[in-house]
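Data first, discussion second: the structure below is written as structure tokens.
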Amino acid sequence: MVSMFMFIPIWVLFPMMSASLGEDKLINALTWVELALQIILYVIMDMGFSSAFIYVRASAPNAYSLGVTNGLAQTGVSIARAIGPASATSLFALSVQISRGAHTKPGLAFRWLGANLVYEIFILISVGAVIAVRRLPEKLELSKANEEVDVNGNEL
């Protein structure tokens, strides 16, 4: 859960770094501190990804279906990796258009929120992921996946 939670401050730091640049758009000490913090958060986040494979292995009812379970998990990841970059790029382009005033709506608040739309959506997705991860069991039983089975799924 800690790993998934790290995404929230990671996404929050992007607009903060942009705002800390100031009018001259020069990198200052605050920007470097924010970047260092973001890298530390990335490292903490990456440490938790190995646990995803443990959950996939534990979700297999027996050793015979372990390949199918892993294949379904990898298919889901592949779909997300195919859709993700295009969606993120489109959201970022929309955010840039809003920040430059292409979509004229009254008020500075709309333009600031619209300029950071991509990060706001990613934060919402991250909050949803944290809620989903909280539903996972804390302790796993791997014994089912370690059982020997024949081609029909019967225990040997």
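Taken together, the values in this text are just the output of simple stated rules run on the coordinates, not laboratory data. Everything quoted here is computed from the prediction, not taken from an experiment. Here the Cβ positions follow ideal geometry from the backbone for every residue, glycine too, while neighbour counts run over all protein chains shown.
Points worth noting:
- Rough spin-label spacing in nm, given labels placed 7 Å along Cα→Cβ, for Ile125 and Ile39: 2.5
- With R₀ fixed at 22 Å, the C-beta to C-beta distance from Leu72 to Glu141 puts the FRET efficiency at about 0.65.
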